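Okay, so here's the structure we're looking at.
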Amino acid sequence: MKKVVLLISFLVAGLCARAQYVSLSDAEIQALKKNIESKEEVKKAFESYKQTAEQALNEQPNPIEIIVSQGVLAGNPAKTASLKALQDGNKIYALALCYRLYQQKAYLQKAQDFLLAWANTNKPNGDPINETKLEDFITGYDLIRNNVSTESKQQIDNWLIKVGEAELNSASAKPGKTTSFNNWNSHRIKTITLVAFTLHNTGYEPRIYQELEKQINANLNADGSGFDFLERDALHYHTYTLEPLLRAGMVIYRATGKNYFSYQSEKGASIQKSVDFLVPFVTGAKTHGEFVNSKVSFDKKRAENHEKGYEAGTLFEPANGVYTLSLAAYFNPLYIKDIQQVNSVRQKFNWQLILNQIMKPVANN
């Protein structure tokens, strides 16, 4: 009965066109277009998306039935195939972005074709680490959902409903499981949030807020550290649990004005404190040897598989914290000065910081 009620709530909520909270509103698209035309650094950052979209016009979708990544070593054929298929997400985002900017129907049609291929092939199973990789698919769809055909919208919406349902009822979230409060749950909350706000399922917001507040209290500590950092002895996992919480918080803030970045749990934990905990490792004021005391055997297996960055004692790479701080800079631009201390091509043309400049709390506009 619970699943039936949820299905109906998603369908009813998705019937009408609404503002985009997951991606960009019409006013924000116009601001971005102006910046692309007038600012060289924005133009250069956008160029990779333009090239991806142009190439995708001549490519075919590569959907996969079940995403295989979580708990599987690099080089595994199923994981390799999944990661290759998931490159469609970046193509969808680029096509959708170019359509919104330039209104050329070819971009819209191709993005729609890619999304329909996935909607008719992919079978979500509620694995948060696998399905967090659908973020670009969902964000791209949010960009064009008001523009796709009614029939296509129904099919794509139905797929995302299945994604949302699978995560809401995920076995990983059952009480007593570590995955009910570690980084898995952060990614689960993010995916539910993206789906709900793309489909405008406002009736499900209380559940999202409840789970997010519970996660901040269970996953993060008052001193800024967190369960994942302490369990894995790796800032890699500190950023990995923060990024989905920041992304979910951004969408919620844009839609409602609720600020979960500075929200403090009953034990004094907050996303902001945990971002601040990361800052000195990004600026170089501190260093950290990764995975030395990890309690998770899979980390050792990845080291033995010679996967980059997983060998115990490998120093945390400051550039690997740039995206986390870029998301946080949406809430507090002061993090930009910390990002600027990182000498990395990866953040030279930082798309998230470009978006931060134009993305506003839509509810407050």
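The values are calculated or read from the model by the stated rules, or taken from the named source; none is laboratory data. From a predicted model like this one, the values you see are computed outputs, not experimental measurements. Neighbour counts run over all protein chains shown; Cβ positions are idealised from the backbone, glycine included. We work out accessible area using only protein heavy atoms, side chains counted, and drop any ligands, DNA or RNA first. Shrake-Rupley method; radii C 1.70, N 1.55, O 1.52, S 1.80 Å.
Listed values, structure above:
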quantity	calculated
Residue ID - farthest from the chain's Cα centre (by Cα), chosen from residues in segment 109-125 that are surrounded by fewer than 20 Cβ atoms within 10 Å (Cβ to Cβ) and not basic (Lys, Arg)	Gln109
Filtered residues of segment 153-167 (kept if open to solvent by 10 Å² or more (accessible area, probe 1.4 Å) and either of a type outside the set (D, E, K, R) or within 20 Å of the chain's Cα centre (by Cα) (or both))	Gln154, Gln155, Asp157, Asn158, Lys162, Glu165, Ala166
Selected residue [among the small types (Gly, Ala, Ser) and either surrounded by fewer than 19 Cβ atoms within 10 Å (Cβ to Cβ) or outside any helix (DSSP H, G or I) (or both)] from Ala94, Ala106	Ala106
Cβ-Cβ under 8 Å pairs, at least 6 apart or on other chains, segment 272-297 side farther than 28 Å from Ser262 by Cβ and in contact (Cβ under 8 Å) with a residue 60 or more places away in the chain, far side open to solvent by 20 Å² or more (accessible area, probe 1.4 Å) and not charged (D, E, K, R)	Ser294/Ala312
Among residues of segment 21-44, those that are part of a helix (DSSP H, G or I) and more than 21 Å from Ile144 (Cβ to Cβ), counted	7
Conditions (1) open to solvent by 30 Å² or more (accessible area, probe 1.4 Å); (2) closer than 24 Å to Val195 by Cα; (3) in contact with a strand residue (DSSP E or B) (Cβ under 9 Å, 6 or more places away or on another chain): number failed by Lys360	(3)
Number of the condition not met by Leu353 [criteria: (1) surrounded by 13 or more Cβ atoms within 10 Å (Cβ to Cβ); (2) in contact (Cβ under 8 Å) with a residue 60 or more places away in the chain; (3) not β-branched (Val, Ile, Thr)]	(2)
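Rundown of residues vs (1) surrounded by 24 or more Cβ atoms within 10 Å (Cβ to Cβ); (2) among the hydroxyl-bearing types (Ser, Thr, Tyr); (3) assigned to a strand (DSSP E or B), yes/no style:
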site	(1), (2), (3)
Pro175	no, no, no
Thr193	yes, yes, no
Phe197	yes, no, no
Lys214	no, no, no
Asp228	yes, no, no
His238	yes, no, no
Leu245	yes, no, no
